[in-house]
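Quick notes on the structure that follows.
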Amino acid sequence: MNAIECEKLSRSFGRVPAVRELTLAVPEGSFFALLGPNGAGKSTLLKLLLNLLHPTGGVSRVLGHESTRLTASEFRRIGYVADGQDLPDWMTVAQLMEFCRPLYPTWDRALALRLQTMFDLPGDRPIKKLSRGMRMKAALLSSLAFRPELMVLDEPFGGLDPLVRDEFIQGLLELPGDDRPRTFIVSSHDIDEVERLADDVGFLAGGRLLVHESADSMRGRFRTVEIVGSRVAAPAARPAGWLEVRQPSENVLQLVHGAFSPATESELGGMFPGATVSLQAMTLSEIFLVLARQHRGDGGKEAA
């Protein structure tokens, strides 16, 4: 079963499209990272999924229920933390936990206390006196303690210093299996921050889904390539998978290969006999920049 499903989902604000005919399926049990630059449509998509915005076209489903028909029963199965999320500032962390507890039949007081210790949150300090990072941890605690099946994190690292970001991520990584939500969906433009979390990745730009596949598959098929030899030159007809071909000098050819396989290196050696072929793996951040530039160069069409 899929935790998230979208079929040609669209949302416009006036004449400005924010999400464009997006089709997506996120299976249960995955850690899905929705990545893209600011203004890509990530937050709009999450709000459509949670019925905080209504679509102008298409349909989405969350945990098997159409988003526009989610009820309190479904929302008790979904945790949500967003950058700049409002919290009752006058409450202490302990009061926040006591306030939330009767709202959720599945609230686990022991888990809430363990999370408070893990996040090093003071229970007796008003939330308004907490740092931005502590406030985000308090919001995460209040969403994890009722054991949601789906956890939605919308730009959770915004404005956090590197140490707090690392503590936030480490807290998610260290959650025992029984304490973790079954499925995570995280939107972020801080791609490096979620790379160690995600097993499923979608890249969004201009409201369009450029690519959606497993993180391992994506990292496996992208390489930077440098070919050094006497008067090397790209063939007139660009081979499949060659992206961002550059020729800094007559003896150096550089490119990004988006369809790498174990045979690629020998194929390149055959194309350029006597040349030295160097290949290097790419991070998700580097891959996204390539896809985003390709998307822009193609006039906003979907990238491969």
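Here are a few things to note about the model shown:
- Hz values of 3J(HN,Hα) by residue in region 23-37 - Karplus curve (6.51, -1.76, 1.60), Gly and Pro given as x: 10, 7, 9, 10, x, 4, x, 9, 10, 9, 9, 9, 10, x, x
- The relative contact order of region 2-216, computed from alpha carbon pairs under 8 Å that lie at least 6 residues apart in sequence, is 30 percent.
- Note on region 148-223: antiparallel DSSP beta bridges, both residues inside, total approximately 55 percent of the bridges counted.
- Contact order, relative form, for region 44-145: 27 percent (alpha carbon pairs under 8 Å, 6 or more residues apart, mean separation divided by residue count).
- Among 251-264, 50-63, 131-144, 96-109, the order from most to least packed when residues are scored by Cβ within 10 Å on average: 131-144, 50-63, 251-264, 96-109
- A simple spin-label model places pseudo-atoms 7 Å from Cα toward Cβ; at T224 and T117 they are separated by 4.5 nm.
- Acute angle (nearest 10 degrees) that the helix 109-118 long axis makes with the longest principal axis of the chain, alpha-carbon atoms: 50
- Across region 241-252, coupling constants 3J(HN,Hα) worked out from phi with the 6.51/-1.76/1.60 Karplus curve, θ = phi - 60°, read x, 7, 10, 6, 6, 10, 10, x, 8, 5, 10, 9 Hz, and Gly and Pro carry x.
- In region 196-280, trypsin sites (Lys or Arg not before Pro) in a DSSP loop with at most 13 other beta-carbon atoms within 10 Å: R196, R231
- Potential extension, S261-L175 segment - 0.36 nm per residue separation minus Cα distance: 27.4 nm
- The charge dipole of region 155-304, taken about its Cα centre with unit charges on the Cβ atoms of Lys, Arg (+1), Asp and Glu (-1) only, comes to about 840 debye.
- Reported label for calculated semi-axes √(5λ) of the Cα gyration tensor in Å given (i) 32, 20, 19; (ii) 57, 23, 12; (iii) 42, 22, 16: (iii)
- Simple point charges give the picture: +1 on the Cβ of Lys and Arg, -1 on the Cβ of Asp and Glu, and for the chain a dipole about the Cα centre of about 760 debye.
- Computed over the Cα atoms of region 185-304, the ratio of the radius of gyration to the Kirkwood radius (Rg/Rh) comes to 1.00.
- Only helices enter this figure: runs of n ≥ 4 DSSP H residues, each worth -39500 (n - 2.57), summed and divided by the residues of the chain, yield -8000 deg cm²/dmol at 222 nm to the nearest 500.
- Using θ = phi - 60° in the Karplus curve 6.51 cos²θ - 1.76 cosθ + 1.60, the 3J(HN,Hα) couplings for region 257-271 round to 9, x, 9, 5, 9, x, 8, 4, 5, 5, 4, 5, x, x, 6 Hz; x is entered for Gly and Pro.
- Fraction of beta bridges assigned by DSSP in region 2-216 that are antiparallel (%, nearest 5): 55
Read-outs: derived from the displayed coordinates by stated rules, not from any lab. Everything numeric here is computed off the predicted structure, so don't read it as measured data. Using ideal geometry, Cβ is built from the backbone for each residue, glycine included, and neighbour counts are taken over all protein chains shown.
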